[in-house]
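Take a look at the structure below.
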Amino acid sequence: MIPAAFDYQAPATLEEAVSLLAGDPDGAKILAGGHSLIPAMKLRLAQPQLLVDIARIRSLAYIREEENQILIGATTTHYQLESSDLLKQICPLLPMCAVSIGDVQVRNKGTIGGSVAHSDPAGDWPAAVIALDADLLLIGPNGERTVKATDFFVNLLTTDLQPGEILREIRIAKPSGRFGESYQKVPHPASGFAVVGIAAHLELNDDGSCKRAKIGVTGVGVKAYRAQGVEAALAGANLDDQTIASAAAHVCDGVDANSDLYASGEYRCALAQVYTRRAIQAAKAV
Amino acid sequence: MKKAINLNVNGVSRTDEVEPRVLLVHYLRDVLGLTGTHVGCETSLCGACTVMLDGEAVKSCTMFAVQANGATVTTIEGLATDGELHPVQEGFWECHGLQCGYCTPGMIITAAQLLERNANPSREEICHGLEGNLCRCTGYQHIIEAVEYAAKKTAS
Amino acid sequence: MPTSYVGQRVRRTEDPRLIKGLAHYVDDIALPGTLHVAFVRSYYAHAKINSIDTSAALDVPGVVAVYTGKDVAKIGPVPCAGALPGLKVPDHRVLATDKVYFVGHPVAAVVATDRYAARDAVDLIVVDYEDLPVVTDVEQAAAGTGPVIHESFGDNIAYKMTAGEGDIDAAFAAAERTVKQRIWHKRLAPIAMEPRGVLARYFPGEEELTLWSSTQIPHLMRTQVALMIGIPENKLRVITPEVGGGFGSKLNVYAEEALLGWISMQLHKPVKWIETRRENIQATIHGRGQVGDIEVAFKNDGTLTGLRYNVIADLGAYHQLLTPAIPTLTGLMLSGAYRIPAIQINITGVFTNKMATDAYRGAGRPEATYVVERALDLVAADLNADPAEVRRKNFPGKDEFPFHTATGLDYDSGDYEAALDKAQQIAGYTQLREEQKKARAEGKIMGIGVSTYVEICALGPSTAMPAGGWESATVRIEPTGKVTVLTGTSPHGQGQETSFAQIVADELGVSINDVTVIHGDTSVVQYGIGTFGSRATAVGGTAVYVAVQKLKEKAEKIAAHILKADASKVSFEGGKYSVTKAAGATAATGSSEPVYPVGQGPAGALPEPQTEGRTGLTIAEIALAAHLAKELPPDTEPGLSATYFFEPKNFTFPFGTHIAVVEIDRETGDIKFLRYVAVDDCGRVINPMLVDGQVHGGIVQSIGQAMYEEVVYDEQGQLITGTLMDYAVPRAKHVPNFELDRTETPSPVNPLGVKGVGEAGTIGATPAIVGAIVDALAPFGVKHLDMPIKPEDVWRIINNDSSRI
């Protein structure tokens, strides 16, 4: 219940945060909403020396539409995303994903940046940002760089973030033309994390057929991933039930599915297939 | 190394020096003596510690007091105004929404948030809104009825 | 009896403090100079302790002391009250000495000036463990093979016991048909929302120790802790402030409670320990933990002729207060709601390297109800009969009570068929079966489960209880007319501050607001037994009721004397004694106004009631006269107070019917409730709102057991479900809308006619839920599934894969 002692800094700017992080690359940790980090600290599974609180940097929490892009600041809370009228119109996948996270208290405090940077294998946001083919803007001692969401998640709780780097912004190409989106999730009955979570973004032709599909998957493997087999099977296809079902069957291709007390790998894959199908059905119906 | 914090709790301005690791819930309970906010788990899953922070329900066990610097906090003790129960408090009393009472403060704060955002929630919306709060006594039915009561009361 | 409160949905008087956040649980009590305790607990399930190095911990600023097993050898063992013939009782010390026996076993206690320092020091205590082979498999333990936990016992069998009446062998030999099923009852964690906690304060001058503890049994704890730490019982005061749920987990005397008292006596400071949720799942008792074979003999027409249950009970490494006794309650309840001429239970209680099992809501009775009800479903399936009709056929008739069972009990009263009829009617049972046929034809998977249960409540006659089964009450009227009730029960959410006040207010014809119910302080309240086993209202409420009658007898005598009338001419109505029956007197008109308006009351001497020429006196006036004692009948003690200790002659036997309807997602195995109907009969109802609340909560704990909850240890005895991340307690979204109703068959065991309802939901509901799921899956050839039934289990059945079932 009680974390080990640490020092705490609340920098006013991101640049200051970067330099604080650089001062103690091994012992310092970024604190945003704290909803992954603080429970781990209370169980003493994490014992950072220094917490650099970026949630107080007001300019880091925003949802903006700029030209053809949607820009989301790293410390934007799940609730801000869930309740954004702008996003409900232009990118409903984000609010749909947000509202499925944890509970209202967690969503009020937890941030999209924290969740993405933590890369929990059962976290929801990684699936969504992958399905939206987001660019992640990172800032570090050597300046800024951009990483594709699909490249960002490296392994279990491991991302492409280098020591000293901070996730600054999530950039999403504003969906255009006819499209449909859905996030479908099986929450763990105790933790609320995703046993499986499927984020679907479909670009549709005028006749309702699929121009291109992007499917993000969480909960199944050690990290969130893009279900390329499903995407390939849907590209250019008519979205009839049979096509969707056979496409969804590819969702776990090449993935060694997680197994735990609640769900074996085999069952998880079966769930992933069902939920992939349901996500595609729901997305196409939008 | 202690840090100075300054916050407004239930309408009273507070200034204190706290170790960074002091959880907000411990600050409220042990430093300010506001023991209505409870601790029921370690993993941010039971919701007994829920308070309002700048108008948003948060779990005060998953937050350090230093993070609340500058914030306005309302705990269960501050929910009633001028001695008049908040409609949700009244609903819990009328509908027997509590038994042992331990989850109740967090449940009431969360329900108050729910009604602020959705004045007329369906049963399903109430259940979704209370997802972050565990109750082991009531079986939830009377809690749901209490929230419905409060919604009606607020509307009239 | 006037009934202006009893039977009504009276709002709880305890609620205002709770909804305002102004109530005090143990951790809310702050005493100046309090030291905080944190425990080093074993992370091995079974290991030898070679050495413990506490030096680094003692160097932590703020750390005052560290105690290990050697330091506390003078504290007596943690008590076990379950005295069974031949029971092996391990020497259960408050801190581990040579060995640790389960994950969470306390090894050392750190005392520091604040809880943060205490927690830091825990990490610096180095324990050198030597790993020992672990016993987790109960069947191996029962077979008497494999490594032995307590070496001196030679094996891991704590006791064996056989009970029951009738010729069971003959019943099976002559059986026209039989069914048999192996059934698991997994371990459950009670998860009271408030974890345990103790605050101890010793005054060395007065030589008095006060323990604030989150317990259900303040007086029993006082006795036991006094014996453990060697303080005179009358120098130990146990206070249970607000208690945040118990469910049996606080019907116990734990190592930490005695240890904290002892530490305070060593250090002459208040000391506090508040359990974390991880500690709570590791080291607070678990419930259930049985595996057994249920066998039923029956005739071709469905008449039951015999029932046998061979069961292994997973007791854990040590006995807690009632650990070995819980499976014996299972044995008592095996007749269910049925006429079964021969019943036998064969219990083998075994030690394992796990936390002790003990009473969890229902405590042995849910296990019995569950196996009996599952067996009835198997009988119905075997006969291709409707499960409700098989049940109905075996009910004793309503005029057959008291009904003697082959488990040695005499059921007090009942009308089982009426409850079944009502539940079937509310559920629209016939129509539901039609809908099910239709749903199946459409490829849907829908099931209906029926449970017709009986439970044992009002524990209980003292002959059947380890430490007395009576309950006590004092009712007194203060000089200002306020009524004080002292109950030996220890309510912690059940609402007896209200329901007992309802009883008293009606009996005295006063406002409920003038009645205060006090409990949970051994220095204020006469000795009592506590709150558990659905006993508080039936036993404790009866004590209150009888105490009020005693008080009224005295009040009547005083009234007659003052009114200068013969006692036989004095009547009591509406809170008033009158010489002639008061015409048009309204029932219970007592006002909640103080007898004397605030600020206008007497300074010093109380004004004497104006009695001259009166034809009637209120109970408050009599109370004042009784205290002023100027106008009492000869040989009458001053004051107006009565105490009663009620010894029940029997248990009570509530019953009911629960019907669950579920639908299953064919693709995912997900289970959804369509309906849940419960008709419970708990005898006469004091406050229907409280009864509904008890039933709701109990059913949801059953939903937890049936579908989500399981304490899991792996083969190494590691606790896999150690936090609420893994141990799934039901949330609002997991539960259906309950349709409740009641029948009301008064109990003849007590004058109130009440039976008890605290455990009905956890006893009656699991068979209905599992029955519904199994019924849904019957087309797949399923006859039984063990709880918790998870979507994957269902999915495997639908996909014809029984590898995990």
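The values are calculated or read from the model by the stated rules, or taken from the named source; none is laboratory data. Source: prediction; values computed, not measured. Heads up, the Cβs are rebuilt from the backbone with ideal geometry, glycines too, and the neighbour counts pull from every protein chain shown. In case anyone asks, the SASA skips ligands and DNA or RNA and just uses the protein heavy atoms, side chains included. Shrake-Rupley method; radii C 1.70, N 1.55, O 1.52, S 1.80 Å.
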Under a Cβ-Cβ cut-off of 15 Å, what is the net charge of the residues other than A:LEU14 that fall near it, where Lys and Arg count +1 and Asp and Glu count -1?
-> -2
May I ask you to list the chymotrypsin sites (Phe, Trp or Tyr not before Pro) in the stretch A:52-154 that are in a DSSP loop and have at most 15 other Cβ atoms within 10 Å of their Cβ?
-> A:TYR62
Using a 1.4 Å probe on heavy atoms of the protein chains only, the accessible area for A:MET96 in Å², nearest 10, reads 60 Å²
Only Cα pairs under 8 Å and at least 6 apart count here; give the relative contact order of the stretch A:7-53 as a rounded whole percent.
-> 56 percent
Estimated vicinal HN-Hα couplings, Hz - the stretch B:66-71 in sequence order (Karplus 6.51, -1.76, 1.60; Gly, Pro = x) | 4, 5, 8, 3, x, 8
What are the residues whose amide H is under 5 Å from the amide H of A:LYS211, where those residues sit 5 or more places off or on another chain and H is modelled from the backbone?
-> A:GLU203, A:LEU204, A:ASN205, A:GLY236
Working with all protein chains in place, sort A:LEU204, A:LEU157 by solvent-accessible area computed with a 1.4 Å probe, largest first.
-> A:LEU157, A:LEU204
Counting pairs of alpha carbon atoms under 8 Å apart in space and at least six apart in sequence, what relative contact order in percent does chain A give?
-> 15 percent
Within the accessible area of the stretch B:3-78 (1.4 Å probe), percent carbon and sulfur = 43 percent
If Lys and Arg each add +1 and Asp and Glu each add -1, what is the summed charge of the other residues whose beta carbon sits under 12 Å from the beta carbon of C:ARG731?
-> 0
Of all the accessible heavy-atom surface of the stretch A:61-173, with the other protein chains kept in place and a 1.4 Å probe, what percent is carbon and sulfur?
-> 45 percent
For the pairs A:LYS211/C:LYS790; C:LYS398/C:LYS649; C:LYS160/C:LYS790; A:LYS223/C:LYS444; A:LYS88/B:LYS152, note any where the Cα-Cα span goes beyond 27 Å.
-> A:LYS211/C:LYS790; C:LYS160/C:LYS790; A:LYS223/C:LYS444; A:LYS88/B:LYS152
Find the accessible area per residue for the stretch A:179-284; the probe is 1.4 Å, ligands and nucleic acids are left out, and the unit is Å².
-> 34 Å²
Among C:MET265, A:ALA134, A:GLN49, whose Cα lies farthest out toward the positive end of the dipole of the protein assembly as shown, if unit charges sit on the beta carbon of Lys, Arg (+1) and Asp, Glu (-1)?
-> C:MET265
For the protein assembly as shown, with the dipole built from +1 on Lys and Arg beta-carbon atoms and -1 on Asp and Glu ones, taken about the Cα centre, which of A:CYS91, A:THR218, A:LEU234 lies farthest toward the positive end?
-> A:CYS91
Over the stretch A:179-284, relative contact order from alpha-carbon pairs under 8 Å, at least 6 apart, % | 30 percent
Hey, any idea what % of the stretch C:607-688's accessible area is carbon plus sulfur with a 1.4 Å probe?
-> 48 percent
The stretch A:208-286: Cα Rg divided by the 2.2 N^0.38 Å rule of thumb | 1.07
On average, how many beta carbons from a partner chain sit within 10 Å of the beta carbon of a residue in B:66-73?
-> 3
Accessible area that becomes buried as A packs against B, both chains, 1.4 Å probe, Å², nearest 100 | 2800 Å²
Under-5 Å amide H pairs with C:VAL238, H placed in peptide plane, nonlocal only | C:LEU211, C:THR522, C:SER523
A:ASP53: net charge of surrounding residues, Cβ under 12 Å, Lys/Arg +1, Asp/Glu -1, itself excluded?
-> +1
Give the distance, in whole Å, between the Cα centre of the stretch B:81-134 and the Cα centre of the stretch C:1-68.
-> 26 Å
Per residue accessible area of the stretch B:87-155, 1.4 Å probe, in Å² = 28 Å²
Which of the lysines could a cross-linker span from C:LYS48 if the Cα-Cα distance has to be under 24 Å and same-chain partners fewer than 8 positions apart are dropped?
-> C:LYS70, C:LYS74, C:LYS88, C:LYS99, C:LYS354
Per-residue HN-Hα couplings for the stretch C:697-705, Karplus 6.51 cos²θ - 1.76 cosθ + 1.60 at θ = phi - 60°, whole Hz, x for Gly and Pro?
-> x, x, 5, 5, 5, 5, 4, x, 5
Beyond 18 Å (Cα-Cα) in this structure, taken from C:LYS554/C:LYS576; C:LYS576/C:LYS630; A:LYS29/B:LYS59; C:LYS550/C:LYS576; C:LYS564/C:LYS630, we find C:LYS576/C:LYS630; A:LYS29/B:LYS59
For chains B and C, what's the summed buried accessible area, probe 1.4 Å, to the nearest 100 square angstrom?
-> 4600 Å²
How much accessible surface does C:PHE645 have with a 1.4 Å probe, in Å² rounded to 10?
-> 90 Å²
Of the listed pairs C:LYS482/C:LYS755; C:LYS250/C:LYS272; C:LYS180/C:LYS393, which have alpha-carbon separations greater than 27 Å here?
-> C:LYS482/C:LYS755
What figure in square angstrom, to the nearest 10, would you give for the accessible area of C:TRP212 with a 1.4 Å probe?
-> 30 Å²
Can you tell me the accessible area per residue over chain C, all protein chains present, probe 1.4 angstrom, in square angstrom?
-> 33 Å²
Sequence of C:VAL64, A:VAL286 from largest to smallest accessible area, 1.4 Å probe | A:VAL286, C:VAL64
Value at 222 nm in deg cm²/dmol, rounded to 500, when DSSP H runs of n ≥ 4 in chain C each add -39,500 (n - 2.57) | -7500 deg cm²/dmol
May I ask you to find the residues of the stretch C:237-286 that are shielded by at least 50 Å² of accessible area once the whole protein assembly is considered instead of their isolated chain (probe 1.4 Å)?
-> C:ARG278
For the stretch B:102-108, in residue order, the Karplus 3J(HN,Hα) values (coefficients 6.51, -1.76, 1.60; θ = phi - 60°; whole Hz; Gly and Pro = x) are 6, 7, 4, x, x, 5, 5
Per-residue accessible area, 1.4 Å probe, largest first, puts B:GLU148, A:GLU67 in the order A:GLU67, B:GLU148
